[in-house]
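All remarks here apply to the structure that follows.
The values are calculated or read from the model by the stated rules, or taken from the named source; none is laboratory data. Note that the structure is predicted; figures quoted are calculated from it, not measured. Note that we place each Cβ from the backbone using ideal geometry, even for glycine, and neighbour counts take in every protein chain shown.
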Amino acid sequence: LQVIEECYGKDTDYYRITESNLRQAEHEASEHAPANVSQDVSQDASAGGNGSGTPGAAPAGTPSAAVPSATASHTGTSPICGLKLARECWNAYGKPLIADKYPEYQGRIAAGLVGHGSECYGFDDDLSRDHDFGPRFCLWLTDEDYAAIGERLQADYEALPQSFMGYGPRESTARAQGAGRRDGVFRIGDFFESITGYRQAPSTNNPHEWLMLDEATLAAATNGEVFADPLGKFLDTRQGFKTMPEDVRLALISKRLGMMAQAGQYNVPRMLARGDGAAAWLSIGEFVQAAASLVFLLNNPITVGYLPYYKWRFAALRRLSSRMATRLADVCGQLETLLRLSSAACYGGAGFGEGGKGSAPVAEKISQTIEHVCAEVVAELRREGLTGSDETFLEWQRPYVEEHIASDAACLHSL
């Protein structure tokens, strides 16, 4: 646990599951130990918390009678987030189901909630509960185990109560049914293939395959939480997708630098000068998307994850920016300023604004903000040893970054 905390931090599945395994081992040991030892272990587990990373969740090994009642309601309390609801549902229904009907597989089945859906990112709110929200979780099996019990376990999962803690039954949209279902029993490889097209992460020797996986796809494959993984098979597969090869990360950093230079530093002022508000607005959008991606790439996906798809892009960027020691933490606010000002700059007109000053002052503010963000990016590249240049036009930083790419694969290098 100390090594995991030092290398990856406490807010990781590795830490939570290892700690949960420790608590379960302590629980098992306390049942077979002399009374004085059992008391010591019990006190130690109490001091250490439940080990699940979720307040109120039952410790591993807790009898099913100790978990929250399935009839408990959220009425009168603050709404529960989808990940916590999934964990509580797993503790109340999933674990007892496996213990009662599949005891020989207790040490082999992984459980959690990962994939598509706002709750998998931790961004769900009241507005998220009109579809595809409710008590649910995923069970992941090896190919061998799925062949033996997969269909039977899926039938048992579907027979579980559809309402829990005052939530449900879940109203599934068409896209979350059949082959696109978001919960239930899966082969590990099938689950990742349904999201990424790959049963396991591409090889580091195939960088072109990594480049075909956009960040939003990788975010969906690596988000959420894993509640249990006794074999470690699911976590190993998922970690493969989190561990983007360094050459690929550097190639993407170079691409983002190029787009920020082309769209933001070069085309935004030119399109504004031409009076082409639509082109200027699109250029600002391209700059913002590239900059948001760059923040995640420079903070390294293995540590902070990937930038999700557009709907949750700023929610994820705000959350990352609020963390301690985040690189380029203030860029998020500057990008939001660009979006806020873009309407006035692109469509304000000659008489726009207080005193009829027109949109020129706002356009100037946008150009200044873009240059400020780019200067911060250069400073960060220098801190990381990726460049020795002070040039703030980001296109000229690309060769310096690409010098650090070890592979000579053409897809990793700019023209």
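If residue 279 satisfies every condition in (1) without any contact (Cβ under 8 Å) to a residue 60 or more places away in the chain; (2) out of contact with any helix residue (DSSP H, G or I) (no Cβ under 7 Å at 6 or more places or on another chain); (3) in the same structural domain as residue 317 (by TED's automatic domain parsing); (4) surrounded by fewer than 18 Cβ atoms within 10 Å (Cβ to Cβ) but one, which is the exception?
Condition (2) is where residue 279 drops out.
Look through 226, 295 and report the one residue that is of a type in the set (A, V, I, L, M) and part of a helix (DSSP H, G or I).
Just a single option satisfies the conditions, and that option is 295.
Counting only residues that are crowded, with 18+ Cβ neighbours inside 10 Å and in a helix (DSSP H, G or I), how many does the range 300-313 have?
4
Considering each of 126, 132 in turn, give the residue that is of a type in the set (D, E, K, R), at pLDDT 65 or above, under 28 Å from the mean Cα position of the chain (by Cα) and on the phi > 0 side of the Ramachandran plot.
Going through 126, 132 in turn, just one is of a type in the set (D, E, K, R), at pLDDT 65 or above, under 28 Å from the mean Cα position of the chain (by Cα) and on the phi > 0 side of the Ramachandran plot: 132.
Exactly one of these conditions fails for residue 265: (1) farther than 20 Å from residue 118 by Cα; (2) under 25 Å from the mean Cα position of the chain (by Cα). Give me its number.
Residue 265 satisfies all of (1) farther than 20 Å from residue 118 by Cα; (2) under 25 Å from the mean Cα position of the chain (by Cα) except (2).
Looking at 229, 214, 236, which is the one that is under 19 Å from the mean Cα position of the chain (by Cα), buried (at least 22 other Cβ atoms within 10 Å of the Cβ) and assigned by TED's automatic domain parsing to the domain that holds residue 113?
The conditions single out 229.
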